[in-house]
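S.K.: Just dropping this structure here.
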Amino acid sequence: MAGIKFFDPYPVFMKRAHGSRVWDVDGNEYVDYLMSYGALILGHGAMAVRESIESVMGSLGTTVFGTPTEGEVEYGTALRDIYHPGGSVRFTNSGLEATTLAVRLARAHTRKRRIAKFEGHYHGAVDRLLFSYSPDVAKAGDPESPVPIADSADVDKGLLSDSVALPFNDWEATERILMRNAKELACVILEPFEEGVIPGERRFMNNLRKLTRDLEIPLIFDEVKTGFRVRLGGATEFYSIVPDIACLGKIIGGGLPIGAVVGEANILVRLDPRRNQGTRVFHSGTFNGNPLSVSVGMATISALSKPGEFDLLRRRTERLKRGISAALDERGIPHRMAGEGGMFNAYLTSEPVRNYRDIKRSDLRLRHFLDLELITNGVYLKPENRYCLSLAHSDDDVSLTKERFAQSIDNVIASAPS
Ligand SMILES: Cc1ncc(COP(=O)(O)O)c(C=O)c1O
């Protein structure tokens, strides 16, 4: 069992952080790879973030006005230029608000109801998208024709009847399902890298873009994990595919709450409050685009854009990824590594890992024990979750983690019943 903060047998309570390190309430020190689920790409308490917060307080004299600000326009323009040149942007306070808004825009734009999403993809704790994220495979139907399964007790049959589940990285099956439902589909939403790390295969991604364009179904990239992490321009840059709407969150606030929708101006124009009620999409939020979040976001882009910085992050991430893979190889543990840019994960299986059902076939139990052992040895990540690095992770951190990883697997092997 796991939730955002809970995992079996019990979660660790953290008390303090600095750079790549965190300390728990008992004073134990860890190299942190959770990095608040990837949100902290500059590390904990980065100087650029502190300075940005102080500068907002000093120059604006407040944390929020409830009015538009220059900072909001400046950051919105920067995001638009990276993710959808010529498009429009709207800020929210979280990733789930961004996906909610994107889906509402798509439904209003197409005047259709149904939403297609991929099995195993997460788009936030929002009713319309809380299906087939972590279904029981025994109940989820044929892998080529998955049945939408509610992830939360409140998601009723009415919502499910508007839901279409798709199999990631299976183009023939995806095409068949999309063609069958095309007349009713308001959008297709996906994590272009499942769990932030398993890439949509090139042919799959290109075909998906082409078919959704041909059928005039808005394509939504949920880049809440991949934005700024796979590349500065996220999966959009990685694939050179421009979705109709991209949803951003987490990292783009540099550690403060934020979300954003970036996309086609002719879709986002429905947010214009001057439009007729019948064609307008309602959107609100007291803290949307607040000065602190947009300023820290801007500082994050500036830090990541410094020559060589993102490459350094990528190289260190690759080094750790290779080290972990080598340690597993040396001990004969079958595995598949996945991930790009500043994050990766290891799936304990000898079979290719292309989607949710493949992940479910990997050895999640061994992985859980290994991650608990890592925590005991001073390497923190949420068990079974991905590794997220930051600009604060040093070569020494990587070397130390590799040593501790090797020691942790040896401990797990030694304690396994023979
Ligand atoms: C791909 C993706 N979309 C949406 C969300 C929801 O973001 P938030 O937790 O900020 O609401 C998450 C959160 O993990 C996510 O990973």
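Throughout, read-outs are computed from the coordinates displayed, never taken from laboratory work. The shown structure was predicted, so the numbers you read here are calculated from the model rather than taken from an experiment. Don't worry about glycine lacking a Cβ; one is built from the backbone with ideal geometry, like all the others, and counts go over all protein chains shown.
S.K.: Sorted by average packing, counted as other Cβ atoms within 10 angstrom per residue and highest first, what order do 241-254, 112-125, 77-90 take?
M.R.: 241-254, 112-125, 77-90
S.K.: Moving on to the next point. Hey, what do the phi angles of the range 253-266 turn into as Karplus ³J(HN,Hα) couplings, whole Hz, using 6.51/-1.76/1.60 and θ = phi - 60°, x for Gly and Pro?
M.R.: After applying 6.51 cos²θ - 1.76 cosθ + 1.60, I find x, x, x, 10, x, 6, x, 7, 10, 10, x, 3, 4, 6 Hz.
S.K.: Residue-wise, which Karplus ³J(HN,Hα) couplings in Hz belong to the range 389-406, taking 6.51 cos²θ - 1.76 cosθ + 1.60, θ = phi - 60°, and x for glycine or proline?
M.R.: So the J values, rounded to whole Hz, are 9, 9, 5, 7, 6, 9, 4, 5, 4, 5, 4, 4, 5, 4, 4, 5, 5, 4.
S.K.: Which entries of Lys183/Lys250; Lys157/Lys210; Lys225/Lys360; Lys112/Lys139; Lys15/Lys306 show an alpha-carbon separation above 26 angstrom in the structure shown?
M.R.: Lys183/Lys250; Lys157/Lys210; Lys112/Lys139; Lys15/Lys306, as the Cα separations exceed 26 Å there.
S.K.: Let me ask something else about it. So if R0 is 45 Å, what FRET efficiency would Phe65 and Ala416 give, r being the distance between their Cβ atoms, rounded to the nearest 0.05?
M.R.: Efficiency at R0 = 45 Å is approximately 0.15.
S.K.: Putting +1 on Lys and Arg Cβ atoms and -1 on Asp and Glu Cβ atoms, find which of Tyr75, Ile198, Thr300 reaches farthest to the positive end of the dipole of the chain.
M.R.: Projecting each Cα onto the dipole axis, the largest value belongs to Tyr75.
S.K.: Report, in deg cm²/dmol and to the nearest 500, the calculated mean residue ellipticity at 222 nm for the chain, where each DSSP H run with n ≥ 4 adds -39500 (n - 2.57) and the sum is divided by the residue count.
M.R.: Computed ellipticity for the chain at 222 nm equals -12000 deg cm²/dmol.
S.K.: Okay, next question. Residues with amide H under 5 Å of Tyr122's amide H, sequence separation 5 or more or different chain, H placed in the peptide plane at 1.01 Å from N; which?
M.R.: Under 5 Å from the amide H of Tyr122: Glu195.
S.K.: Return the Rg/Rh ratio of the range 21-119 with Cα-based radii and a Kirkwood Rh.
M.R.: In the range 21-119, Rg relative to Rh is 1.07.
S.K.: Give me the distance between the Cα centres of the range 356-409 and the range 284-328, rounded to whole Å.
M.R.: Cα centroid of the range 356-409 versus Cα centroid of the range 284-328: 19 Å apart.
S.K.: Separate question: Positive end of the charge dipole of the range 24-179 (Lys, Arg +1 and Asp, Glu -1 on Cβ, about the Cα centre): tell me which of Ser134, Ser36, Val49 has its Cα farthest that way.
M.R.: It is Ser134, whose Cα lies furthest towards the positive end.
S.K.: For labels at Asp151 and Asp81 in the simple 7 Å Cα→Cβ model, what's the distance in nm?
M.R.: Here the modelled spin labels are 3.5 nm apart.
S.K.: Related question: Wrap a convex hull around the Cα atoms of the range 338-418, take a quarter of its surface area, and give that in square nanometres.
M.R.: If I average the Cα hull's projected area over directions, I get 6.0 nm².
S.K.: As a test, work out the antiparallel percent of DSSP beta bridges whose residues both lie in the chain, rounded to the nearest 5.
M.R.: Looking only at bridges with both residues in the chain, the antiparallel portion is about 60 percent.
S.K.: Starting from a Cα-only point model with no solvent, please compute log10 I(q)/I(0) by Debye for the chain at q = 0.09 1/Å.
M.R.: Normalising to I(0) and taking log10 leaves -0.55.
S.K.: Could you list which residues have their amide H under 5 Å from that of Arg16, counting only those 5 or more apart in sequence or on another chain, with H placed in the peptide plane?
M.R.: Trp23
S.K.: Name the most mobile residue of Gly200, Gly45, Gly234, meaning the one with the largest mean-square fluctuation, in a Gaussian network model of the chain with Cα contacts below 10 Å.
M.R.: Gly45
S.K.: Treating the beta-carbon of each Lys and Arg as +1 and of each Asp and Glu as -1, no other charges, what is the dipole magnitude of the range 286-418 about its Cα centre, to the nearest 20 debye?
M.R.: 380
S.K.: Same structure again: Through the Karplus equation 6.51 cos²θ - 1.76 cosθ + 1.60, θ set to phi - 60°, convert the phi angles of the range 2-10 into ³J(HN,Hα) values in whole Hz; use x for Gly and Pro.
M.R.: Whole-Hz 3J(HN,Hα) from phi for the range 2-10: 8, x, 4, 10, 9, 8, 6, x, 6.
S.K.: Sticking with this one: About the Cα centre of the chain, what is the dipole size in debye to 20, counting +1 per Lys and Arg Cβ and -1 per Asp and Glu Cβ, all else neutral?
M.R.: Approximately 1000 debye in magnitude.
S.K.: Separate question: List the residues, sorted by chain then number, that are 5 or more residues from Val164 or on another chain and whose placed amide H is less than 5 Å from its amide H.
M.R.: Result for Val164 returns Ile115, Ala116, Lys117.
S.K.: Cα atoms only, the range 108-182: Rg and Dmax in Å?
M.R.: For the range 108-182, the Cα radius of gyration and maximum Cα-Cα distance read 11.9, 36 Å.
S.K.: Restricting things to alpha carbons, tell me how big the range 274-327 is in terms of Rg and Dmax, in Å.
M.R.: Over the range 274-327's Cα set, Rg and Dmax evaluate to 20.5, 61 Å.
S.K.: Sticking with this structure for a sec: How many angstrom lie between the Cα centre of the range 144-209 and the Cα centre of the range 35-63?
M.R.: The range 144-209 and the range 35-63 have Cα centres separated by 36 Å.
S.K.: Running a GNM on the chain with Cα contacts under 10 Å, which residue among Gly332, Gly196, Gly19 ends up with the highest mean-square fluctuation?
M.R.: Gly332
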